[in-house]
1. Go through SER307, SER325, SER358, SER289 for me and flag whichever is buried (at least 17 other Cβ atoms within 10 Å of the Cβ), at pLDDT below 95 and polar (S, T, N, Q).
2. Scan region 312-319 and give yes if some residue there is open to solvent by less than 20 Å² (accessible area, probe 1.4 Å), touching a Leu at 6+ places or on another chain (Cβ under 7 Å) and more than 30 Å from ASN372 (Cβ to Cβ), otherwise no.
3. If we scan region 371-383, do we find a residue that is at pLDDT 95 or above, closer than 17 Å to PRO214 by Cα, under 25 Å from the mean Cα position of the chain (by Cα) and among the β-branched types (Val, Ile, Thr)?
4. Which pairs have Cβ atoms under 7 Å, sit 6 or more apart or on different chains, and link a residue in region 269-293 that is over 22 Å from VAL194 (Cβ atoms) and touching a residue at least 12 places away in the same chain (Cβ under 8 Å) to one that is hydrophobic (A, V, I, L, M, F, W, C) and open to solvent by less than 80 Å² (accessible area, probe 1.4 Å)?
5. Report yes if some residue within region 198-221 is more than 28 Å from VAL377 (Cα to Cα) and modelled with pLDDT of 95 or more; otherwise report no.
6. Can you tell me which residue within region 97-156, out of those that are at pLDDT below 90 and of a type in the set (Asp, Glu), is nearest to GLY185 (Cα to Cα)?
7. Taking region 330-355 only, how many residues are open to solvent by less than 60 Å² (accessible area, probe 1.4 Å), farther than 17 Å from SER221 by Cβ and not basic (Lys, Arg)?
8. Taking the stated definitions as given, is LEU188 among the aliphatic types (A, V, I, L, M), open to solvent by 30 Å² or more (accessible area, probe 1.4 Å) and modelled with pLDDT of 90 or more?
Amino acid sequence: MTVQDERCVGRPGARIHRILSCCVLVLAILLTTSTAQAVPSFARQTNMPCSACHTGGFYPELNNFGRMFKLNGYIWSAHEEKPYEPYPPVAAAQEFSYTRTDKDQPGLTRRNGRLPTVAFGSDGNDNFSFPQQASFFLAGRFYGRLGGFIMGTYSGADNKWATDNVDVRLTDVRTFGENHTLLYGATLNNGPTVQDAWNTLPAWSQLIGSEVAPGPAASPSMANLIGQVAGVGLYGLWDDFLYAEVTPYLSGMSGVYSFTTASIPKEMVTSGPSPYWRLALYRNKGQHSASLGYVGMYDKVHLSGASGPTNAFLDQGGDVQYQWSSKPHFVTLRGVFLWENQDLSAAKAAKAAGRSTSDLHTLQLWGSYYYNNLVGVTLSFFDIEGSRDRVLYAPEALDGSRTGSPDTWGGFVQLNFLPFARWFDIRMPVLPMTQLALQYTFYGKFNGSRANYDGFGRHASDNNTLYLLAWTPW
């Protein structure tokens with residue numbers, strides 16, 4: 001046991017005191033900000049509560065009405081007699097969080113020469129992000145059948161502002177005969193799956209999570225390119241049953257799409273169009289809704305910079321979701337499997353990888369239950385498996401792999417609470433719809449091993465994470 005470990009073990013009372021102090025500080029801040037605008041722009045536009053679109057009222061997970069609102073271009077309004085809603089389609093949100101891993105992360109409190117979070121405690125582990133994120137939205141109907149969702153976010157971990165999720169749509173509906181309808185439209189968005197209406201794919205699948213906790217070494221290209229590319233795609237929904245979409249993406253490093261993307265790492269610049277495709281079967285009837293989908297993407301990424309050799313990635317996968325709503329109960333079951341074939345010939349030639357071809361498989365399952373738009377619980381299991389490569393996944397403290405394997409599996413349990421939900425509706429119309437969340441993530445394997453996975457003595461269970469979040473939209 002190190003001196004640092006002995007200090008943590010010897011001061012349990014002080015550690016608990018710091019945690020309680022953080023929670024009290026969050027609550028005090030929330031209670032003193034009740035004069036701000038109460039509801040986001042979508043709720044003002046529709047004159048509906050958050051629970052109209054979101055599963056059990058817990059944003060951002062969508063229910064059937066929320067999916068249809070998104071696919072119809074965010075234009076439904078209770079103010080159809082006016083070209084715009086009575087108020088500008090703007091909103092804001094802020095997140096405050098606390099993160100603690102079972103073992104300290106080396107160098108957590110100072111990255112890239114600056115402090116990404118406010119850290120309580122000399123061990124650098126009790127990390128209170130104030131804020132974790134602060135976001136502003138231009139979201140709703142812009143004009144006629146044009147609507148969208150444009151988000152700008154300040155990240156406490158990166159200490160900078162950047163364009164976040166963007167999805168702008170132009171939509172229409174056509175009727176064929178007496179029984180058939182086609183909802184169709186175009187979407188301008190800044191990443192594969194940002195535009196997706198089912199909470200199974202990368203952009204919206206992990207709804208809550210720490211920005212400073214360790215994460216697995218490998219993830220599919222489809223997830224990595226969110227915020228790094230942008231494109232205009234076409235989609236259609238036939239008879240509220242068959243959904244199809246095709247979107248070609250281009251790098252947002254420069255050109256017409258650059259305003260929609262964040263700062264792009266030199267290792268993530270795509271070459272040429274990157275086609276993305278999506279098919280889904282969907283049915284909503286009474287208290288039940290279900291979907292079965294297929295998704296794919298092909299992209300080439302330059303080894304470094306905006307020119308030169310490229311590596312190629314082909315992602316394909318399937319997803320499923322079932323929801324049951326019978327007030328006051330709401331149940332959601334969902335899952336996704338993604339398979340990625342990697343052509344790493346450029347990386348191998350540059351000795352940045354030991355193999356010219358690799359595979360990566362990711363699986364995640366969720367089950368959630370919400371009661372009375374007030375409390376909820378979510379259980380999840382995830383598994384990542386990939387080809388062994390001792391060059392690509394090299395030993396490194398915290399983030400590396402001693403075995404050259406990206407294999408990781410674990411899960412989390414999460415409790416959600418909307419403490420002011422009924423108060424908001426009845427007594428305090430200016431009180432924000434604050435969501436509180438408590439999440440515990442555990443790992444059975446991390447980057448290829450259960451014990452000493454990084455080659456520097458760190459175990460998978462050392463990355464088990466306690467995470468507290470207060471999330472307030474305005």
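The values are calculated or read from the model by the stated rules, or taken from the named source; none is laboratory data. All figures in this text were calculated on a predicted structure; none of them were measured in a lab. All Cβ positions, glycine included, derive from the backbone under ideal geometry; neighbour counts span all protein chains shown. Heavy atoms of the whole protein, side chains included, go into the accessibility calculation; ligands, DNA and RNA do not. Shrake-Rupley method; radii C 1.70, N 1.55, O 1.52, S 1.80 Å.
1. SER325
2. yes
3. Looking for residues that are at pLDDT 95 or above, closer than 17 Å to PRO214 by Cα, under 25 Å from the mean Cα position of the chain (by Cα) and among the β-branched types (Val, Ile, Thr), one finds none in region 371-383, hence no.
4. Pairs found: ARG283/PHE241; ARG283/ALA290; GLN287/TRP324; HIS288/TRP324.
5. Yes, the conditions are met somewhere in region 198-221.
6. Only one residue tops the list, namely ASP126.
7. 6
8. yes
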